[in-house]
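> Here's a structure for you.
The values are calculated or read from the model by the stated rules, or taken from the named source; none is laboratory data. This structure is a prediction, so every number in the text was calculated from the model and none was measured. Neighbour counts run over all protein chains shown; Cβ positions are idealised from the backbone, glycine included. Each accessible area value is taken on the protein alone, full model and side chains, heavy atoms only, with ligands, DNA and RNA left out. Shrake-Rupley method; radii C 1.70, N 1.55, O 1.52, S 1.80 Å.
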Amino acid sequence: GEFPLSVSAAQALPIPVKTQFTHVKSKIVKMKLAALALLAGSASAYQVTPTMTFSLGKFGKKAPAKAKAAPKVISGSSPSADAWANAGPSTALPFATAPATLDGSMLGDVGFDPLGFSTVPVGAWFKGFDGREGTLGDLTWYREAELIHGRIAQLAVVGFLAPGLFGTLPGNEWTGVDAYSKTNPLEAFSAVPGLAILQIFLFMTYLEVRRINIIKEEGENYTPGDLRIGQGEGRWNPFGLEYSPEAYEEKQLQELKHCRLAMIGIFGLWAQAQASGVGAIEQLSAGLTAPDYYAKAGYFLPEGI
């Protein structure tokens, strides 16, 4: 129960609480000062403010040369950011800009891309991930989609208008007498026999498979929308078309404009048929006829209007 002789009596006595608190507080202050010194030393190593740069790559422009003493800056920009960073005026929308991907070199390019679809790399869905990276060229694949959808829309516009202008197909006992009598395409779709819909589906499937095979065969040399129909060697040309290069390019532009107009028009025809329940020709006919009270009260507009 006794202390060793090497330990003094003062060391054996308990340390007052106030002395312990002062000692701990002194250590905390020293630790804070050391942390501040480390932070100051780290900050001195980053005196140059990093800047964001854009690499244009495929747009035909080179990035500015970097100074040797400047620190290496890693660009985090995407192809979309590069395109918008170098945007130019839009012909279609004078109040807006067009991304650098739309440089006017493609037929029908008027700089209309407010949502920036042309800045996103795309490719053929049937070529896997390689095709998704733009094997055929990004704008080439977008043009292919525009032409295919536009051609379908043109056929759809004809389908909406033709029954009201030229009449419908006759029915029979097997299909039903009134199977083809609907002039509203939305009603006709559910009234025609299922085998008629199947014929259309099989024909469109054949055209799609044929188109995919042509794309795979020609690869990067594929021309958007080329189904090997029309003028040219080895093509099916039932009308004997022989345009000059200038006239042929003008016809291509006309088709592109008709495709764009048809895609807008078919949406309007569908929405109106959905809202009114009648076909487009029936709606126009009702708007061009004289009102019922014309014979009694006279027409309320002056002559010639």
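> What residue, of Val110, Val120, is open to solvent by 40 Å² or more (accessible area, probe 1.4 Å), under 17 Å from the mean Cα position of the chain (by Cα), at negative phi and at pLDDT below 85?
Val120
> Out of the residues in the stretch 170-206 that are under 21 Å from Ser276 (Cα atoms) and of a type in the set (Phe, Trp, Tyr), state the one that is most open to solvent (accessible area, probe 1.4 Å).
Ranking the qualifying residues of the stretch 170-206, first place goes to Phe189.
> May I ask you to list the residues in the stretch 244-278 that are in a helix (DSSP H, G or I), open to solvent by 50 Å² or more (accessible area, probe 1.4 Å), without any contact (Cβ under 8 Å) to a residue 60 or more places away in the chain and farther than 19 Å from Val110 by Cβ?
Pro245, Glu246, Tyr248, Phe267, Gln272, Ala275, Ser276
> Identify, by number, the condition in (1) in contact with a helix residue (DSSP H, G or I) (Cβ under 8 Å, 6 or more places away or on another chain); (2) assigned to a loop (DSSP other than H, G, I, E, B) that Gly240 doesn't meet.
Answer for Gly240: the failing condition is (1).
> Within the stretch 193-222, count every residue that is closer than 16 Å to Leu147 by Cα, in a helix (DSSP H, G or I) and at pLDDT below 90.
Residues that pass the stated criteria total 1.
> I'd like to know if the stretch 156-175 contains one or more residues that are among the acidic types (Asp, Glu) and at pLDDT 90 or above.
To start, the set of residues in the stretch 156-175 that are among the acidic types (Asp, Glu) comprises 173.
If we keep only those that are at pLDDT 90 or above as well, we get none.
No, the conditions are met nowhere in the stretch 156-175.
> What pairs can you find where one residue is in the stretch 139-152 and free of Cβ contacts under 8 Å to residues at least 60 places away in the same chain, the other is of a type in the set (S, T, N, Q) and crowded, with 19+ Cβ neighbours inside 10 Å, and their Cβ atoms are less than 8 Å apart, with a gap of 6+ or different chains?
Leu139/Thr101; Leu139/Ser118; Tyr142/Ser118
> If you don't mind, another one. Among the residues of the stretch 57-99, which ones are surrounded by 13 or more Cβ atoms within 10 Å (Cβ to Cβ), outside any loop (DSSP other than H, G, I, E, B) and at pLDDT 50 or above?
If the condition is that a residue be surrounded by 13 or more Cβ atoms within 10 Å (Cβ to Cβ), outside any loop (DSSP other than H, G, I, E, B) and at pLDDT 50 or above, then Pro79, Ser80, Ala81, Asp82, Ala83, Trp84, Ala85, Gly88, Thr97, Ala98 are the ones that fit.
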